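The values are calculated or read from the model by the stated rules, or taken from the named source; none is laboratory data. Since we're looking at a predicted model, the values are computed, not measured. Virtual Cβ from ideal backbone geometry, glycine too; neighbours counted across all protein chains shown.
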Amino acid sequence: MDKKWFIPIPKWLFSRHTHPRHCRQSDSNEPDSNRRRFFTRAAVSAASVAGTAGLAKAVVDSIPQPDLSQHYSKDAVSGEEELLSREYVLMTEREKQVMVQTLIDNYDEKS
Amino acid sequence: MPNQEKSKQKDSKLTTRRDFLRGAGNYTVASLSGAAMLLSDPKPAKANVTWAEHFQKNYRLMTEEEKREAIERLETRYSEEYGKKVTVDDTASIEGVLFGYALNIQKCIGCRRCVKACMAENNQSRGSEQQIEWIRVLRMEKGNFSVEDRDQHGYPESFGVQVGGNAYKPAGVVLEGQHYYEPEQVPEKDAFYFPMQCMQCEKPPCVKVCPVRTTYRDPDGIVVIDYNWCIGCRMCIGACPYWARRFNWGEPNLPKEEMNPVTHYLGNRPRMKGVVEKCTFCVQRTRKGRWTACVEVCPVGARKFGNLLDPSSEIRKVLAKKKVFRLRADLNTYPKFFYFMD
């Protein structure tokens, strides 16, 4: 059973001698053949890279962009709901003193 | 002869497999690099530093040399992007300083100049679609705020059984307000205003939950964020009981001509899509001995800022002499942002 690839990959990439043009005819032709093969491969590779990249770009661009304002306002609303449940408390003199002292002690401890 | 044939066939198979692997490898690498190139940001300044930024360490773990390199990269990038000389400061905490903030809610007139000054100073995203404000001013109806001494009325109901002489006194206000009020004139007759921003907690829940330790509390009490390490998980947003953190859902919109070029690495440098930001007590200013932008701009002097370790500072005097309120004191986050009344 023939294996089918999702992306068509040229056969010559995997087998050097399948194409008659790529077969070595004689020693005198070898440099020419190599050079031709190199350029052909380079050209095809470049084309396939560009094709893949273009496809990837198209796929990424086609993803629908989210509606940013909705996200931002959703954050604001949930924050507002959060704040609605808050209550302020008045601090007593003692609490204020203890709090300031705690902050100072905490700083001294860390430094 | 049959052995030789077999050997040839074996060689041929090996070559084919090698060729296959080589070809597949080349093809994959070429395709991926091509795709990466096309998908990467086309802006040259950004592209030049993207890789370096991507692989840089957490700011706290960087050596001085690495910090210097990172800052130079950013300065170059921002200067190119915004077409002006941008500086990125990395001034550390001043020794013997613990910043605190107090806001007189009786004086606040709800003009929201603090919001606008903060936006301009701290390079926040603007525009109708993606506006980010570190300060939110809540407008509330007058009459809901009572500060009467409830000691004479027994323990407050909502606190249940009080243990150990806990003397919390509910101020009698549950915040019910709106942020986007547009009055013709401020202050309005029947309203009072409650500006909200990061409380710079002494025990910040946002720091505790950050899975990558990108947000942390500096010795001067400011909770900062290394934007390059933020992974945008929004855990800190969920953990903050004061709704002080903002998330960049999109690439921030910061017009070149409005960009403040005096920045701090942990403060007002331009942020990117997918990171969290918040008030930093204008770290780029306060570590240089200046007021925060909101304190400076407040037309009624409702905002007080200073060193909590200095007994003669304004903030300590406020704490000693005024009626002071705390929000969500039950959470034991020890906020260093206080509300007060004369």
**Study point:** Residues satisfying the stated conditions in the stretch B:320-332, i.e. modelled with pLDDT under 90 and either crowded, with 22+ Cβ neighbours inside 10 Å or not polar (S, T, N, Q) (or both)
**Key:** B:PHE325, B:ARG326, B:LEU327, B:ARG328, B:ALA329, B:ASP330, B:LEU331
Practice item. Within the stretch B:213-224, identify whether any single residue is touching a Phe, Trp or Tyr at 6+ places or on another chain (Cβ under 8 Å), part of a loop (DSSP other than H, G, I, E, B) and under 23 Å from B:ARG73 (Cβ atoms), and answer yes or no. Key: yes
Check your understanding: Within the stretch B:315-325, is there a residue that is among the β-branched types (Val, Ile, Thr), closer than 16 Å to B:GLN197 by Cα and touching a helix residue (DSSP H, G or I) at 6+ places or on another chain (Cβ under 8 Å)?
Key -> no
Exercise for review: Evaluate the stretch B:83-90: report whether one residue or more is more than 14 Å from chain A (Cβ to nearest Cβ), surrounded by 19 or more Cβ atoms within 10 Å (Cβ to Cβ), aliphatic (A, V, I, L, M) and not in a loop (DSSP other than H, G, I, E, B).
Suggested key: yes
Exercise for review: Would you be able to say whether some residue in the stretch B:322-332 is under 14 Å from the mean Cα position of the chain (by Cα) and in a loop (DSSP other than H, G, I, E, B)?
Suggested key: no
Review point. Based on what the data block shows, is A:ALA43 surrounded by 15 or more Cβ atoms within 10 Å (Cβ to Cβ), in a helix (DSSP H, G or I), modelled with pLDDT of 75 or more and hydrophobic (A, V, I, L, M, F, W, C)?
Key: no
Review point. So, in the stretch B:229-249, of the ones that are surrounded by fewer than 18 Cβ atoms within 10 Å (Cβ to Cβ) and within 20 Å of B:LEU74 (Cβ to Cβ), which residue ends up farthest from the other protein chains (Cβ to nearest Cβ)?
Key: B:ILE231
Exercise for review: Please identify the pairs in which a residue from the stretch B:294-318 that is farther than 18 Å from B:GLY221 by Cβ has its Cβ atom under 6 Å from the Cβ atom of a residue that is surrounded by fewer than 20 Cβ atoms within 10 Å (Cβ to Cβ) and of a type in the set (S, T, N, Q), counting only partners at least 6 apart or on another chain.
Suggested key: B:ALA302/B:ASN104
**Study point:** Which listed residue, of B:GLU251, B:GLU258, is within 21 Å of the chain's Cα centre (by Cα) and modelled with pLDDT under 95
**Key:** B:GLU251
Review point. Do any residues in the stretch B:99-117 that are in a helix (DSSP H, G or I) have Cβ atoms under 9 Å from those of residues that are surrounded by fewer than 18 Cβ atoms within 10 Å (Cβ to Cβ) and not hydroxyl-bearing (Ser, Thr, Tyr), where the two are at least six apart or on different chains, and which pairs are they?
Key: B:ARG113/B:PRO299; B:ALA117/B:GLU296
Check your understanding: Does B:ASP226 qualify as being surrounded by 18 or more Cβ atoms within 10 Å (Cβ to Cβ), within 12 Å of chain A (Cβ to nearest Cβ) and either of a type in the set (D, E, K, R) or out of contact with any strand residue (DSSP E or B) (no Cβ under 6 Å at 6 or more places or on another chain) (or both)?
Key -> no
Check your understanding: small (Gly, Ala, Ser), out of contact with any strand residue (DSSP E or B) (no Cβ under 8 Å at 6 or more places or on another chain) and under 27 Å from B:TYR78 (Cβ atoms), is that true of B:GLY267?
Key -> no
**Study point:** Test set (1) under 19 Å from B:VAL137 (Cβ atoms); (2) at pLDDT 95 or above - B:ARG246 fails condition number
**Key:** (2)
Exercise for review: Search the stretch B:238-258 for residues that are on the phi > 0 side of the Ramachandran plot and pair each with any residue that is at pLDDT below 90 and among the basic types (Lys, Arg) when their beta-carbon atoms are under 8 Å apart and the residues are at least 6 apart or on different chains.
Suggested key: B:TRP243/B:ARG136
